[in-house]
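Nothing in this text is a laboratory measurement; each read-out follows from the coordinates by a stated rule. Fair warning: this is a prediction, and the values are worked out from it, not measured in the lab. Cβ atoms come from the backbone with ideal geometry, glycine included; neighbour counts cover every protein chain shown.
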Amino acid sequence: MLSRRYQRICQTLDRRQPDLTVLMEDVHKPHNISAIIRTCDAVGVMAVHAMNQVADGDVLDTYSQVAQGSEKWVDLNRHPDVTVAIDQLHQQNFKIYAAHLSDRAVDYRTIDYTQPTAILMGAERWGVSDTAAELVDGHIIIPMLGMVQSLNVSVAAAVILFEAQRQRLQAGFYDQPRLDPEFYRQKVFEWGYPELVAHYRDRQLPYPPLDSEGQIIST
Ligand code: SAM
């Protein structure tokens with residue numbers, strides 16, 4: 001890999017936020033999934049979560065074709081249903097806030113996004129399910145002062161995620177790498193040498209070490 005690309009990869013990984021994520025509940029329009037993932041990349045989200053039960057066919061299978069490249073940089077974790085996803089995130093100590101237009105929703109700016117946080121985004125037509133709304137830690141709303149009741153789901157995700165980015169910038173969360181060092185090392189290799197990943201995975205071999213310019217050190 002070129003040294004410039006290596007620097008860019010490291011710079012991006014240095015800013016990734018392992019404790020900020022998005023859970024998409026039945027968001028099924030490819031352009032919305034794509035836009036949310038692009039925003040996640042821009043904000044420094046390392047991985048997103050999704051479950052999808054309403055779509056005709058499996059939209060998440062086509063997600064790699066719609067995310068315009070950003071899917072390479074943001075991992076997608078798929079879940080069979082929203083209950084399992086919420087349970088797993090809770091086990092990892094995430095507070096989960098549903099972006100949900102409910103009576104108990106609070107202004108999205110009142111949340112402390114420097115804590116491990118997952119934002120649950122609801123389906124384009126139906127919004128967040130009753131089941132998910134019950135299981136999360138709180139509901140947040142972006143105040144709507146016009147005639148329409150809601151924003152496009154990807155726009156809502158962007159508004160909330162950039163507030164999280166603002167708070168984390170202020171708290172210095174982008175100043176030091178926050179990923180586990182071994183995970184970081186793996187990602188550098190996977191992003192820098194995608195054509196070699198299958199070779200090592202198929203043979204269950206560890207990735208080779210890289211030098212300070214990102215070149216493979218032959219052992
Ligand atoms: N009729 C749906 C409802 O009542 O929830 C509208 C769904 S909206 C088009 C899709 C998703 O975008 C929502 O489930 C929510 O996650 C998010 N969203 C849209 N506008 C929002 C707002 N003003 N505040 C918080 N979330 C919003």
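Before moving on, here are some points about what is shown:
- With Cα atoms as the point set, the radius of gyration and Dmax of the range 67-219 evaluate to 19.4, 65 Å.
- R0 of 41 Å, Cβ-Cβ distance Ala42-His199: FRET efficiency to nearest 0.05: 0.85
- Residues Met147, Met24, Met1 arranged by fewest to most Cβ contacts within 10 Å: Met147, Met1, Met24
- Summing charges over neighbours of Leu2, with a neighbour being any other residue whose Cβ is under 14 Å away from its Cβ, gives +1 when K and R count +1 and D and E count -1.
- Adding -39500 (n - 2.57) for every DSSP H run of four residues or longer, then dividing by how many residues the chain holds, sets the calculated 222 nm ellipticity at -11500 deg cm²/dmol.
- Charge context of Tyr113, other residues only, Cβ under 9 angstrom, K/R +1, D/E -1: 0
- Packing-based order for 31-38, 100-107, 187-194, using average beta carbon neighbours within 10 Å, highest first: 31-38, 187-194, 100-107
- The magnitude of the dipole of the chain, with charges of +1 and -1 set on the Cβ of Lys/Arg and Asp/Glu and taken from the Cα centre, is near 720 debye.
- Summed side-chain charge close to Asp41 - residues other than Asp41 whose Cβ falls under 10 Å, Lys, Arg +1, Asp, Glu -1: +2
- Antiparallel bridges, percent of DSSP beta bridges restricted to the range 17-170 (to nearest 5): 5
- When the charge dipole of the range 17-170 is built from unit charges on Cβ atoms (+1 for Lys and Arg, -1 for Asp and Glu) and taken about the Cα centre, the candidate among Asn77, Pro18, His139 whose Cα reaches farthest toward its positive end is Pro18.
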